[in-house]
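The values are calculated or read from the model by the stated rules, or taken from the named source; none is laboratory data. For clarity, every value in this text was computed on a predicted model and none was experimentally measured. Cβ placement follows ideal geometry from the backbone for every residue including glycine, while neighbour counts extend to all protein chains displayed.
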Amino acid sequence: MVSVDNVLFGCEVSQLKVLLIKHASGKTAGYWGLPGDWLRDNETLEHGAIRVLRARTGLGNIHLEQLQSFSSIDRYPDDLTITTAFYALIRPDDYQLALGEDELEVKWFPIEETQILIFDHDKILKWALTRLRYKTQHEPFGLHLLPEKFTLLELQRLYESILGMSFDKPNFRRKIMKAGLLLDCNEKQLGGAHRAASLFKFNPCRYQQLSKEGLMRYNSII
């Protein structure tokens with residue numbers, strides 16, 4: 001038996017979150033898991049992942065990247081099952097969630113607050129997070145998670161949320177600016193009790209260039 005599972009990462013207030021569904025029926029009723037289902041006979045893994053994601057969460061037009069296949073003999077209680085996981089990074093505010101026919105709830109969870117997940121979904125999530133952390137340290141990051149305009153502190157907090165560590169503020173700023181990834185919007189953040197912070201946006205040409213070349217010459221952003 002073959003299935004597909006999706007790991008959707010999103011960012012809210014510079015905090016990394018993952019999208020989970022709560023099952024309504026069957027052996028997994030009342031439990032949380034990643035959006036997944038069986039693969040149909042007439043579809044590819046990629047098409048199946050897209051179909052399942054839309055059916056389970058209402059989300060569409062999302063670029064899914066294949067992560068890994070999981071085939072432990074005890075991962076599913078009734079039969080030998082192989083699942084292929086996909087993952088994506090999105091801005092939750094850009095999408096509207098919708099319940100599928102077999103879901104009680106669809107919800108974004110902070111990574112550190114994820115529930116006990118069905119089957120081996122915790123393993124899949126950890127694998128996806130490891131991949132995400134690697135990409136964060138070796139490639140430009142944040143384009144698909146942050147709003148179009150953001151502060152350096154918001155970018156730093158996103159890195160800290162994903163990697164689970166704190167960075168020296170001046171050092172982080174120096175490295176990110178040296179890489180040439182950002183453009184100054186010449187605008188200030190509105191509101192807030194403290195001094196207004198400058199707003200930046202990603203330099204699309206430089207972002208694309210470094211996505212191909214990597215960040216090794218800058219010893220990574222961190």
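With the requirement that a residue be more than 26 Å from the chain's Cα centre (by Cα), surrounded by 11 or more Cβ atoms within 10 Å (Cβ to Cβ) and assigned to a loop (DSSP other than H, G, I, E, B), what does region 149-196 give you?
Residue satisfying the conditions is ALA196 alone.
So, of the residues in region 119-148 that are surrounded by 15 or more Cβ atoms within 10 Å (Cβ to Cβ) and more than 21 Å from GLY214 (Cβ to Cβ), which turns out to be nearest to the chain's Cα centre (by Cα)?
So, considering only residues that are surrounded by 15 or more Cβ atoms within 10 Å (Cβ to Cβ) and more than 21 Å from GLY214 (Cβ to Cβ), the one nearest to the chain's Cα centre (by Cα) is LEU125.
Give the residues of region 199-215 that are closer than 19 Å to ARG173 by Cα and of a type outside the set (Gly, Ala, Ser), sorted by residue number.
Residues satisfying the conditions are LEU199, PHE200, LYS201, PHE202, ASN203, PRO204, ARG206, TYR207, LEU210, LEU215.
If I ask for residues that are over 13 Å from the mean Cα position of the chain (by Cα), among the aliphatic types (A, V, I, L, M) and modelled with pLDDT of 95 or more, which ones from region 52-84 would you list?
VAL52, LEU53, ALA55, LEU59
Name every residue in region 150-199 that is among the aromatic types (Phe, Trp, Tyr) and either out of contact with any Ser or Thr (no Cβ under 8 Å at 6 or more places or on another chain) or over 23 Å from ARG133 (Cα atoms) (or both), in order of residue number.
Selection gives PHE150, PHE167, PHE172.
Among the numbered conditions (1) surrounded by 20 or more Cβ atoms within 10 Å (Cβ to Cβ); (2) without any contact (Cβ under 8 Å) to a residue 60 or more places away in the chain, tell me where ASN61 comes up short.
(1)
Do any strands (runs of 3 or more DSSP E) entirely within region 1-105 hold 2 or more residues that are of a type in the set (D, E, K, R), and if so, which?
2-12, 15-23
Taking ASP94, is it exposed (fewer than 15 other Cβ atoms within 10 Å of the Cβ), under 22 Å from LEU143 (Cβ atoms) and assigned by TED's automatic domain parsing to the domain that holds LYS107?
Here the answer is yes, as ASP94 does meet what is asked.
So in region 200-215, with the set limited to residues that are within 21 Å of the chain's Cα centre (by Cα) and in a helix (DSSP H, G or I), which one is nearest to GLU187 (Cα to Cα)?
Top of the filtered list is PRO204.
Counting just the residues of region 111-146 that are among the polar types (S, T, N, Q) and either free of Cβ contacts under 8 Å to residues at least 24 places away in the same chain or in a helix (DSSP H, G or I) (or both), which one comes out farthest from ILE82 (Cα to Cα)?
Per the criteria, the residue is GLN137.
Could you figure out which of (1) touching a strand residue (DSSP E or B) at 6+ places or on another chain (Cβ under 8 Å); (2) buried (at least 19 other Cβ atoms within 10 Å of the Cβ); (3) not aromatic (Phe, Trp, Tyr) isn't true of ILE50?
Failed condition: (1).
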